[in-house]
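Asker: Pasting a structure below so you can have a look.
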Amino acid sequence: MTSSAPSAASNPVRRLILLRHGQTEYNADSRMQGQLDTDLSELGRTQAKSAGPVIADRRPLTIVSSDLRRAYFTAVAVGDAAGLPVLTDTRLRETHLGEWQGLTHHDVDERTPGVRSAWRADATLAPPGGESRIDVANRSLPVVHELLDTHPDWAERPVVLVAHGGLIAALTAALLDLPVDRWAVLGGLGNTSWVQLSGHGDVKSIEWRLDVWNASASVANDVL
């Protein structure tokens, strides 16, 4: 007698790691960078060098990064440690913050009291001229879907995406299929902290589960 149930081998558990970039001067100053192409600070470079071997120890299958420098150079630290090249994808860029880009949190709150806190609580809201978290999820989800199609060997060895706090939160919420009004339950990520998800089932009907949120090689003090 044969069973029609799929075997574990035919439906492996797929690990996905979403790593936030190292610190920038904008992060240190509570300044909103969005898609501004800022560099890692000295501390950020140190964070990236520390995180690289920790992620590399998980034997990544492939590494894909936002093309913005702060993410890319964090990804290179992982790639160097793992002996892998870094691919880039513009769909992994941070949320475009429109008119808020370059302003500090205080600047935005002083100009439009209450608006930034409402935006943080509601994934459907966007800064003037910018993107909502729904927009960010819609452009980044296809990256994961394409990786599922192009990496049939994806299993315990994780795919690593190196990106930004806002994008990682939006993508995670969408992969977990959280109700949109609950997306804000996923709190902030420290610099070079990461999320791990596991994908269960067939590629066409995969179910993502949250394994780890805000893990880091060292305790970060910049979780907002």
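Asker: Looking at Ala170, Ala163, Ala155, Ala174, can you tell me which residue is modelled with pLDDT under 95 and hydrophobic (A, V, I, L, M, F, W, C)?
Answerer: Ala155
Asker: Give all pairs with beta carbons closer than 6 Å in which a residue from the stretch 31-55 that is under 24 Å from Val212 (Cα atoms) meets a residue that is modelled with pLDDT of 95 or more and open to solvent by 40 Å² or more (accessible area, probe 1.4 Å); count only pairs at least 6 apart in sequence or on separate chains.
Answerer: Gly52/Ala81; Pro53/Ala81
Asker: Here is a check on your reading of the model: is His106 at pLDDT 95 or above and open to solvent by 60 Å² or more (accessible area, probe 1.4 Å)?
Answerer: Judged against the criteria, His106 is a match.
Asker: Identify the single condition in (1) open to solvent by 20 Å² or more (accessible area, probe 1.4 Å); (2) outside any loop (DSSP other than H, G, I, E, B) that Ala75 does not satisfy, given that it satisfies every other one.
Answerer: Failing condition for Ala75: (1).
Asker: Are there any pairs with C-beta distances below 9 angstrom linking a residue in the stretch 84-103 that is open to solvent by 60 Å² or more (accessible area, probe 1.4 Å) to a residue that is at pLDDT 95 or above and of a type in the set (Phe, Trp, Tyr), with the two at least 6 apart or on different chains, and if so which?
Answerer: Once the first residue is open to solvent by 60 Å² or more (accessible area, probe 1.4 Å) and sits in the stretch 84-103, its partners that are at pLDDT 95 or above and of a type in the set (Phe, Trp, Tyr) give Thr88/Tyr72.
Asker: I want to confirm something. Restricting to the stretch 14-30 and keeping residues that are open to solvent by less than 40 Å² (accessible area, probe 1.4 Å) and in a loop (DSSP other than H, G, I, E, B), which single residue is nearest to Gln196 (Cα to Cα)?
Answerer: Among those that are open to solvent by less than 40 Å² (accessible area, probe 1.4 Å) and in a loop (DSSP other than H, G, I, E, B), it is His21.
Asker: Another question, then. Identify, please: which residue in the stretch 41-59 is over 14 Å from Gly190 (Cα atoms) and open to solvent by less than 20 Å² (accessible area, probe 1.4 Å) and is, among those, farthest from the chain's Cα centre (by Cα)?
Answerer: Ser41
Asker: Could you look through the stretch 113-150, keep only residues that are β-branched (Val, Ile, Thr) and surrounded by 12 or more Cβ atoms within 10 Å (Cβ to Cβ), and pick out the one that is farthest from Leu18 (Cα to Cα)?
Answerer: Only one residue tops the list, namely Val115.
Matching residues to (1) of a type outside the set (D, E, K, R); (2) under 28 Å from Asp181 (Cβ atoms):
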residue: Ala75; (1), (2): yes, no
residue: Asp80; (1), (2): no, no
residue: Arg91; (1), (2): no, yes
residue: Thr95; (1), (2): yes, yes
residue: Trp100; (1), (2): yes, yes
residue: Arg111; (1), (2): no, yes
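The values are calculated or read from the model by the stated rules, or taken from the named source; none is laboratory data. Given the structure is predicted, the values throughout are model-derived calculations rather than measurements. Every residue, glycine as well, gets a Cβ built from its backbone with ideal geometry; the counts of neighbours run over all protein chains shown. Only protein heavy atoms, including side chains, enter the accessible area calculation; ligands, DNA and RNA are left aside. Shrake-Rupley method; radii C 1.70, N 1.55, O 1.52, S 1.80 Å.
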